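For reference, the structure is listed below as structure tokens.
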Amino acid sequence: MLSEKGPLGVVDPMEREQDTILAQELLERRKVAQERYVKFAAVIMLQRSHVEDPSTEDRLNFVRKSAGLDTKNSFYVLFPSNSQEISDFAVNLQRSQYEGSMNYYKEQVKRHKKKKSNLPATTASVRPIQQQTLGGSQLQQQQQQQQQGLSVQGWMMRYEFKIGMFSECKQDIDNAIKHYESAYGLLIDMFAVTSTITPGAPGLAARTKRWAEAKVLADCLCIKICKFHLYMDAPSTALFCFRRHLLVFKAFSESWKMGDDSFEYWAWLGKQYRVFGDLLDIGTKSGLKLLVPTPGSPVYGSFAGLMEGSKDLNKFSGIGLGSSTTGFGIGYGGDAFIYGGHVGGGRGGGTHGPGAGINPMLVLQHAGFFYHQAANCSAYPDSNVAPVATTNKPYPPSFQTMNAERAVDHLSLTIELLTKSYEQFKRYKAGRMTLFLASEIAGTYYTAGKFEMALKFFERIGKTYRKEAWNLILTSILKWSVQCAKELGYWETVVECLIEMMGPEMPSTDEKRQSIFDELVSILHTDNHPANTSVHKPLVLSMPQINSFGKE
């Protein structure tokens, strides 16, 4: 900031010293920016007292000339303004720098393409490291791999990523997708036991630092690629890329003995579903439209429809999918499966005929479905069991990883994800699904020991099913309500639910009705029953509001 003016409008020596320091700082920053091929510009914000100071203009010229900046492209002065004027100034500043920034990104793309072209051929320059499973040998292998630095393929991946990033900054989305996809393919090949791009080179050893970083990078690349396909109005391709990523890493996880019997796999899978759901949620709030499939739409057609942009999973090596595999599908529950046909991954096309129909593998649904999948991963049967160290696996998890897993409250996480899913389905007016998710939330609250919240949800759900006479579902809800009420000591609620469960319209056998009746009599007439440890007010039931056992 500029200080107060000196006497008679003459620049004070103290002010000149401050201006010199400021100019030197700007000069140093400009030099650093130039070394990194970054265009530098400075904005000086004045105070109101400086507007009337006759020495202000002289001081500004001194700072500009000393820092080697010009008034047209790199030195700007902002006078005291309101918020709207400041916003307009920022817009104009962005416009003035736009052409220069585009040229900068264009030069960076050329620069990194040249660097990539100067790389040597992708041949193994060292003998492959023998894969070991013993503790000491594995540690030596990991240390040796860390010390070797990036391979030629690693540098190729690095340059492809940078070209994609600069293309993204240049707003060239098509080229960004192209180079990010190339970087993703190179990275995936590095996870294989032996590379096909660099013949004879070993894959990244599991649980090394570089392996962990590469896994995170692959996840980020997948989400970025999916996001850009959504930008390009290609939701089917975005879904395909996401499912492809899950399938590829499921195969890799099994080869690392970290498959669906390990907590790490389910934690990773749940995170992927959640992040993809967040991406769709942000997209729909920003104007993304998820179209309902209709005849003539890209996702309406027979399996014979090979659309432009179809992907071949076999281009990723080391997965062992078989030479005849050319596509994948989505099975019951969202699991991916492989089949020997083609699946379209592009933006249009499809065939129509007697066997044509909606291809569910290409339908991108709203975020609620993916939040629900993430909740299912968090609620995996072994998720709430603290992991223990084991030596039975070649790549056991570290104590740090297990401690981090123990710190996760899976039940609270499951409730959070189910609630997110509930809100999404409610937004899209999917009434049946919201009831189902509400029951899932209630069941999770019950497992977490939060019986009050569980009972509230069950009562809320029961009203709808009672009104619509879904008595089979209502019976299940009443049973859960009885369990919650017993835990809370709400015996009036227990009695009310038991009476309703005895109704003739409720699906039940005579033996079960007799059992319910015996339990009701025990509560009402047994002195030492927990329900009778205190005096209760008379219980009045509004029989028209429940399924009365007295109806004919």
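Since every read-out is calculated from the coordinates, none of them should be taken as a lab result. These numbers come from a predicted model, not from an experiment. Here Cβ is always computed from backbone atoms with ideal geometry, including for glycine, and neighbour counts include all displayed protein chains.
Odds and ends about this structure:
- The simple spin-label model puts a point 7 Å past each Cα toward its Cβ; for Glu99 and Glu52 those points are separated by 4.0 nm.
- Pairwise label distance in nanometres, Cys169 with Ala212, each label 7 Å out on the Cα-Cβ vector: 2.9 nm
- Across region 249-258, coupling constants 3J(HN,Hα) worked out from phi with the 6.51/-1.76/1.60 Karplus curve, θ = phi - 60°, read 7, 5, 5, 5, 4, 5, 5, 8, 6, 10 Hz, and Gly and Pro carry x.
- For region 444-518, the direction-averaged projected area of the alpha-carbon convex hull comes to 4.8 nm².
- Three-way shape label, region 20-117, alpha-carbon gyration tensor, a/c 1.5: oblate
- Ordering of 263-269, 77-83, 31-37, 441-447 by burial proxy (mean other Cβ atoms within 10 Å per residue, highest first): 441-447, 263-269, 77-83, 31-37
- Under 5 Å from the amide H of Ile44 lie the amide H atoms of Tyr76, Val77, Leu78, each residue being 5 or more positions distant or on a separate chain, with H modelled from the backbone and absent for Pro and chain starts.
- Our note on the geometry: Cα centres of region 184-249 and region 448-489, 45 Å apart.
- Looking at region 185-260, the pairs of alpha carbons with a distance over 20 Å make up 36% of the total.
- Candidate aspartates and glutamates for bridging to Lys463, where Cα separation is under 18 Å - those fewer than 8 sequence places away on the same chain excluded: Glu440, Glu452, Glu492, Glu496, Glu500, Glu505
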